[in-house]
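The values are calculated or read from the model by the stated rules, or taken from the named source; none is laboratory data. All of these numbers come straight from a predicted model, not from anything done at the bench. Cβ atoms come from the backbone with ideal geometry, glycine included; neighbour counts cover every protein chain shown. Accessible surface is based on the protein model in full, side chains and every heavy atom, while ligands, DNA and RNA are left aside. Shrake-Rupley method; radii C 1.70, N 1.55, O 1.52, S 1.80 Å.
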Amino acid sequence: MTFTLLATLGLIVLMTIGVQVAVSMGAVSSLLVLQLDGVPITVIAQNVFNSINSYPLMAIPMFIFMGNLMTRGRIVSILLLLIGSLVRAVRGGMALSVMLSCVFFAAVSGSSVASASAIGAAAVEELKREQYPARFAAALVAVGGTLGLMIPPSLGFILIGSIVGLPVDKLFIAGILPGLLEATLLLLTTYFLSRRNGYGGPPQPADPGLFVRKLPRASGALSMPVLVMGGIYLGIFTPTEVSALAAGYAIILCVLVYRTLKMREVWLAAQDSILQTTMIFAVVAGGSLIGFILTRMGVSASLTQFMERLDMTPWQFLLLANLILLVLGTALDGVAMIVLTAPLLYPMAAHLGIDPVHFSVILVANVEIATLTPPIGLNVFVMSATSKLPVEEVSRGIYPFYLTRLVGLTIITFVPWFSLALLPT
């Protein structure tokens, strides 16, 4: 027990001083494995290999590649012009256009950081031109980008499915209504803040003619979410198959249809995707060792027994789990949160009869909030760099939206209908 506590302290210290999360988890967990009686050292290599030798995980590099292509292909400009032609008739119309564009990119990128990066530069400049404060513009994109974790295809759901053994297609379907709920709440918050504070210029008449003229050009991009979710929902493709199809479709769109990319840029997008995938897989490999150790030492079983002694009800457990995840979100990135908490929390949730698909949606909703929570919140840093504003300024702009995300988390947690309504019976 003493060695375990020292290892936990060592893990915290390593991450605090800036050692990469995957390296920290791998080093500490390897030392723990060496302390287990009767466990050969070859278990480390076998466990690492098995953790990433997963068919569902093969969807991650393709979805990342697709998101990078859409980002480099500057699809956001096409969408802002199309959506803005109608929404500009409302106060805060450009801000609403940006949030709706975030919903679209969430449906093609699978990553909150990718969504924020794709929309960031173009959206912030356009909002500033329309007399929106820079802090509000940066916060808007940072918050909207988090939808990439909930609205499928979601890299978070792929990770959870691989770690816990749940069907990824079911998790994707479960994320649709919660994602739309969150998007609706964020749109209402954006409209309220714009109207109350007088953000943006005066409303302008809608231009249906411009919308009709721009729709054919934008239809190729707009069909991407239909391709992904339609193929999965109808049972035509698995998530891994549709990820490869979507990446190929993105190349055709950006290179041949919109002609916003050259083949050299496709190659650069592929290089970036390889690096990003490697980082995710490294965290999964390190986390898998920790999961193996927790199982071997009976930690999960001990926690379940402890919970039985407390006579905890499902709603009490969900409230406690949310509080723990919100605190962890201040110190861990999303991938590390999923990898570290899933082996512990899922057995306890299952023991209380909580649907694992519903709990997966709750976990992803917490990861979304973690991307906005300093000092680790990745979306805050992305938008700080994009808007050239200090991190604390972006954080202040996020504050009203943060409250909205907590409201959304509460609804998702205690109204399982949103997670389970679309699942086939």
- When every residue in the stretch 272-293 that is among the polar types (S, T, N, Q) and closer than 30 Å to Gln35 by Cβ is compared, the one least open to solvent (accessible area, probe 1.4 Å) is Ser288
- Query: Could you count how many residues in the stretch 123-170 are small (Gly, Ala, Ser) and more than 28 Å from Gly230 (Cβ to Cβ)?
  - Reply: 5
- Query: Across the stretch 137-173, which residue is modelled with the lowest pLDDT among those that are surrounded by fewer than 24 Cβ atoms within 10 Å (Cβ to Cβ) and out of contact with any Pro (no Cβ under 8 Å at 6 or more places or on another chain)?
  - Reply: Gly165
- Query: Among the residues of the stretch 186-198, which ones are over 14 Å from Ala106 (Cβ atoms) and either touching a Leu at 6+ places or on another chain (Cβ under 7 Å) or at pLDDT 90 or above (or both)?
  - Reply: Leu188, Thr189, Thr190, Tyr191, Phe192, Leu193
- Given the conditions (1) outside any helix (DSSP H, G or I); (2) more than 17 Å from the chain's Cα centre (by Cα); (3) of a type in the set (A, V, I, L, M, F, W, C), every one holds for Met348 apart from (1)
- Can you tell me which residue among Val266, Val284, Val255, Val327 is part of a helix (DSSP H, G or I) and at pLDDT below 85? Val284
- Evaluate the stretch 225-237: report whether one residue or more is among the hydrophobic types (A, V, I, L, M, F, W, C), modelled with pLDDT of 85 or more, more than 24 Å from Leu82 (Cα to Cα) and not in a helix (DSSP H, G or I). yes
- Report whether or not Arg296 is open to solvent by 40 Å² or more (accessible area, probe 1.4 Å), of a type in the set (D, E, K, R) and free of Cβ contacts under 8 Å to residues at least 40 places away in the same chain. no
- Failed item in (1) assigned to a helix (DSSP H, G or I); (2) open to solvent by 20 Å² or more (accessible area, probe 1.4 Å); (3) modelled with pLDDT of 80 or more; (4) of a type outside the set (Val, Ile, Thr), with Gln131 passing the rest: (1)
- Tell me, yes or no, whether the stretch 186-193 has at least one residue that is part of a helix (DSSP H, G or I), touching an Asp or Glu at 6+ places or on another chain (Cβ under 7 Å), surrounded by 18 or more Cβ atoms within 10 Å (Cβ to Cβ) and in contact (Cβ under 8 Å) with a residue 60 or more places away in the chain. no
